[in-house]
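Asks: One structure, as structure tokens, below. Some questions next.
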Amino acid sequence: MALSIESAQNIFSNTQVPSPIPATIALFDQLSVDDQLAYLWYAYTEMGKTITPAAPGAARLQLAEGLLNQIKQMSKEEQTQVMRELANRADTPISRSYGFFSVNTKLAFWYELGELMKQGIVAPIPSGYQMSPGVQVVLEATKKLDAGQQITVLRNTVVDMGFDTSALGPSSSKPAAEPAFKRSAPPVTSVKIEGITEPAVLGYIEAMNADKFDAAIALFTPDGALQPPFQKPIVGHEAIAKYMREEAQGLNMMPKQGISEVLPDGSKQLKITGVVQTPWFGVTVGMNIAWRFLINPQGKIFFVAIDMLASPQELMNLRPV
Ligand code: EQ3
């Protein structure tokens with residue numbers, strides 16, 4: 001029987017526990033725009049007491065420089081208005097430009113705005129702002145999350161801001177080459193995962209940990225797919241390679257253990273749990289995740305889903321719940 005992405009998405013679904021991340025983002029989405037901006041400020045500055053993101057390199061900041069310079073020259077009221085338009089996903093020139101930024105450039109843009117807010121160059125919170133009880137509810141929900149889940153909430157809210165440019169097709173200006181994140185330690189070259197010997201899986205982790213995306217892509221079938229957390233599958237070599245170059249640079253993947261099952265047609269399904277670190281927070285934040293692989297009878301990756309785990313207990317939870 002031919003493999004299908006729809007059926008691959010369901011492998012090991014009976015071992016999955018719903019993540020609290022979408023529920024927290026749903027609470028955030030219900031807030032007014034000013035409350036959303038204030039929530040992000042409090043969540044970010046509160047988190048900064050224990051974990052702080054690394055400053056983005058000059059090359060990445062350069063990509064956001066045009067917008068940042070425009071904002072610096074505005075009055076405090078205009079600056080607040082721009083931030084409201086970004087949070088509102090309004091159709092304005094700035095919100096459109098932001099919408100074309102890659103995920104990491106969006107994060108770098110807000111990182112820099114946060115710094116400018118601390119220096120008093122950019123308006124921090126709208127003047128006269130009164131915190132609504134809703135903000136407190138979302139902050140309380142956020143406090144219950146682990147650090148990896150908290151940075152995922154922050155990341156996803158920032159990524160969703162700006163005008164949705166997906167329907168517009170690619171930007172008329174040439175897409176900027178994605179600057180690389182510097183790796184702090186040399187990549188581990190021989191990956192060991194308890195319970196797993198599948199060459200495609202070991203090769204995938206090894207290649208990803210060295211940012212060798214072409215080597216990772218070569219392990220996929222031409223119609224293979226990668227499904228990032230809370231997203232739809234990305235299908236085909238070209239689309240996966242673009243995604244990896246933009247979003248998977250500098251990640252440190254530490255798979256710990258897994259299970260593997262051979263299916264009647266000779267394909268295999270594997271579930272592996274472990275920890276991933278992002279270059280934004282380095283070794284200070286580990287995200288508990290699972291990879292669910294479907295490998296075809298020829299040993300190629302047909303599908304891999306990356307799931308954020310609901311709790312550290314789930315790292316051990318490889319059998320049906
Ligand atoms: C200025 C301030 C504070 C206030 C203002 O009102 C509003 C905003 C937005 C503000 C600024 C907020 C800022 C600066 C937030 C910054 C947040 C950051 C840097 C978050 C970074 C998070 C990174 C994460 C969660 C990365 C996760 C990556 C994962 C799970 C990767 C998984 C993958 C694996 C394992 C694969 O095998 C394939 C690829 C894939 C990427 C899917």
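Asks: Among the candidates V33, V82, single out the residue that is without any contact (Cβ under 8 Å) to a residue 40 or more places away in the chain and of a type outside the set (S, T, N, Q). Spell out how you get there, then give the answer.
Replies: Working: V33 fails: without any contact (Cβ under 8 Å) to a residue 40 or more places away in the chain.
Among V33, V82, only V82 is without any contact (Cβ under 8 Å) to a residue 40 or more places away in the chain and of a type outside the set (S, T, N, Q).
Asks: Another question about this same structure. Select, from A176, A108, the only residue that is out of contact with any Phe, Trp or Tyr (no Cβ under 6 Å at 6 or more places or on another chain) and part of a helix (DSSP H, G or I).
Replies: Values: A176 fails: part of a helix (DSSP H, G or I).
Just a single option satisfies the conditions, and that option is A108.
Asks: Here's another thing I want to ask about it. If you check L27 against the conditions, is it at pLDDT 95 or above, of a type in the set (A, V, I, L, M, F, W, C) and over 30 Å from V304 (Cα atoms)? Write out each step before concluding.
Replies: Values: at pLDDT 95 or above: yes; of a type in the set (A, V, I, L, M, F, W, C): yes; over 30 Å from V304 (Cα atoms): no.
It is false that L27 is at pLDDT 95 or above, of a type in the set (A, V, I, L, M, F, W, C) and over 30 Å from V304 (Cα atoms).
Asks: Within the stretch 77-91, work out how many residues are in a loop (DSSP other than H, G, I, E, B) and open to solvent by less than 30 Å² (accessible area, probe 1.4 Å).
Replies: Here is the first cut: in the stretch 77-91, the ones in a loop (DSSP other than H, G, I, E, B) are 88-91.
Subset that is open to solvent by less than 30 Å² (accessible area, probe 1.4 Å): 90.
Residues flagged as in a loop (DSSP other than H, G, I, E, B) and open to solvent by less than 30 Å² (accessible area, probe 1.4 Å) within the stretch 77-91 amount to 1.
Asks: Another question about this same structure. Scan the stretch 267-309 residue by residue and report those that are more than 14 Å from the ligand (Cβ to nearest atom) and either polar (S, T, N, Q) or closer than 15 Å to P229 by Cα (or both).
Replies: S267, Q269, N296, Q298
Asks: Checking the structure you have, find out if any residue of the stretch 137-155 is within 29 Å of Q70 (Cβ to Cβ), touching a residue at least 24 places away in the same chain (Cβ under 8 Å) and open to solvent by 30 Å² or more (accessible area, probe 1.4 Å).
Replies: Looking for residues that are within 29 Å of Q70 (Cβ to Cβ), touching a residue at least 24 places away in the same chain (Cβ under 8 Å) and open to solvent by 30 Å² or more (accessible area, probe 1.4 Å), one finds at least one in the stretch 137-155, hence yes.
Asks: Can I ask one more? Checking the structure you have, find out if any residue of the stretch 169-177 is closer than 15 Å to A43 by Cβ and not aromatic (F, W, Y).
Replies: First, pick out the residues of the stretch 169-177 that are closer than 15 Å to A43 by Cβ: none.
Scanning the stretch 169-177 turns up no residue that is closer than 15 Å to A43 by Cβ and not aromatic (F, W, Y).
Asks: Of the residues that sit in the stretch 22-58 and are away from the ligand (no atom under 12 Å from the Cβ), assigned to a loop (DSSP other than H, G, I, E, B) and hydroxyl-bearing (S, T, Y), which one is surrounded by the fewest Cβ atoms within 10 Å (Cβ to Cβ)?
Replies: Out of the qualifying residues, it is T50.
Asks: Right, something else. Taking the stretch 156-169 as the search range and keeping residues that are in a helix (DSSP H, G or I) and within 11 Å of the ligand (Cβ to nearest atom), which one is surrounded by the fewest Cβ atoms within 10 Å (Cβ to Cβ)? Give the derivation first.
Replies: To start, the set of residues in the stretch 156-169 that are in a helix (DSSP H, G or I) comprises 156-159, 165-168.
Within this subset, residues satisfying the condition of being within 11 Å of the ligand (Cβ to nearest atom) are 156-159.
Numbers: N156: 18, T157: 19, V158: 20, V159: 15.
Residue satisfying both the conditions and the ranking: V159.
Asks: Can you tell me which residues in the stretch 116-133 are without any contact (Cβ under 8 Å) to a residue 60 or more places away in the chain, within 12 Å of the ligand (Cβ to nearest atom) and not in a loop (DSSP other than H, G, I, E, B)?
Replies: L116, K118
Asks: If you don't mind, there's one more thing I want to ask. Which number in (1) in a loop (DSSP other than H, G, I, E, B); (2) among the hydrophobic types (A, V, I, L, M, F, W, C); (3) at pLDDT 95 or above marks the one condition that V137 misses?
Replies: The single condition V137 does not satisfy is (1).
Asks: Which condition does G258 not pass, out of (1) away from the ligand (no atom under 11 Å from the Cβ); (2) open to solvent by 60 Å² or more (accessible area, probe 1.4 Å), if it passes all the others?
Replies: Condition not satisfied by G258: (2).
The values are calculated or read from the model by the stated rules, or taken from the named source; none is laboratory data. Quick caveat: nothing in here was measured; it's all calculated off a predicted structure. Cβ coordinates were reconstructed from backbone atoms using ideal geometry, including for glycine residues, and neighbour counts include every protein chain displayed. In case anyone asks, the SASA skips ligands and DNA or RNA and just uses the protein heavy atoms, side chains included. Shrake-Rupley method; radii C 1.70, N 1.55, O 1.52, S 1.80 Å.
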